[in-house]
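Shown next, in structure tokens, is the structure this report addresses.
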Amino acid sequence: MPLIAPSLLAADFLRLDKAVEVVNNNADLFHLDIMDGTLVPNISFGFSVVEAVAPVAKKPMDVHLMIVHPEKYIEKFVNLGASMISFHLRACDRDGLNPFEILDQIQSYGVKAGIAINPDVPVERLYPFIQKADYFVLMSVYAGFGGQKFIPETLDKIKALKAEAERQGLPCCIEVDGGVSPSNSGMLTEAGVDILVAGSSVFKSDNPAEVVSLLKG
Ligand code: DX5
Ligand code: ZN
């Protein structure tokens, strides 16, 4: 059964307390999307929201950095209480950063380190990191916005990455992010996904707790 990580991006920001309660009582992780308007064409929220959630979060915080120069902000998110931090491979490509060094930096704090790729990036690009990363974020929509349609080709990427990890004799934790709902969670679970991120399907629903339970399968 996959872990369920509701994305607060889709929550009602005037009633964030209600969304926090949904995660605390029904789900496994808080998924927090940090966007800078440069790596992705949208700006979400920053430190203050994570800081507000941290003291009331009874589940670990999974911070998804969709920002350039993630290495500058990792320590701050660690200090705010993140248990998992992912960054985009594209942020490294763009500025010539070494992904291994950023993974190292995150892991040096005892925090789980993940690498994310957009749907147009071949999954093979992740293979060199199987021995190092604690998890991989396969985007099933283009990073930047909630409420987009799930891209089904993601299923093949999950299978390929799992198969390569098996070939290397290593464990591999896969998180899928974007357009996840009870209509595709069964296929994703079957394909081997470990963590399902879901924003709109959970928080735009009249019964978020029920959706979380459906996602678990
Ligand atoms: C998209 C974000 C996602 C987003 C998912 O860039 O990384 O985490 O909040 O939202 P839904 O589930 O609405 O696609
Ligand atoms: Zn995300």
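Bear in mind these aren't lab numbers, they're just calculated from the coordinates by the rules spelled out. Keep in mind the model is a prediction, meaning the values are calculated, not measured. Here the Cβ positions follow ideal geometry from the backbone for every residue, glycine too, while neighbour counts run over all protein chains shown.
Considering only residues in the stretch 63-72 that are within 16 Å of ligand 1 (Cβ to nearest atom) and not β-branched (V, I, T), the one that is nearest to Y135 (Cα to Cα) turns out to be H64. Filtering the stretch 161-210 to residues that are more than 18 Å from N118 (Cα to Cα), within 14 Å of ligand 1 (Cβ to nearest atom) and touching a Gly at 6+ places or on another chain (Cβ under 7 Å) leaves S185, S200.
Look at the stretch 81-102: where a residue is under 30 Å from I4 (Cβ atoms) and a partner is of a type in the set (D, E) and assigned to a helix (DSSP H, G or I), sitting 6+ places away or on another chain with Cβ atoms under 7 Å, you get I102/E71.
Note on the stretch 59-85: among residues that are of a type in the set (G, A, S) and surrounded by fewer than 18 Cβ atoms within 10 Å (Cβ to Cβ), the one that is farthest from G46 (Cα to Cα) is S83. Number of residues in the stretch 102-153 that are closer than 19 Å to A10 by Cβ and assigned to a helix (DSSP H, G or I) equals 0.
Looking across the stretch 188-208, the residues that are over 20 Å from D33 (Cα atoms), in a helix (DSSP H, G or I) and not polar (S, T, N, Q) come down to L188, E190, A191. Restricted to the stretch 111-160, and to residues there that are of a type in the set (S, T, Y) and more than 9 Å from ligand 1 (Cβ to nearest atom), the residue that is farthest from A198 (Cα to Cα) is Y127.
Is there a residue in the stretch 126-145 that is more than 19 Å from M61 (Cα to Cα) and of a type in the set (D, E, K, R)? So far as the stretch 126-145 goes, yes, one or more of its residues are more than 19 Å from M61 (Cα to Cα) and of a type in the set (D, E, K, R).
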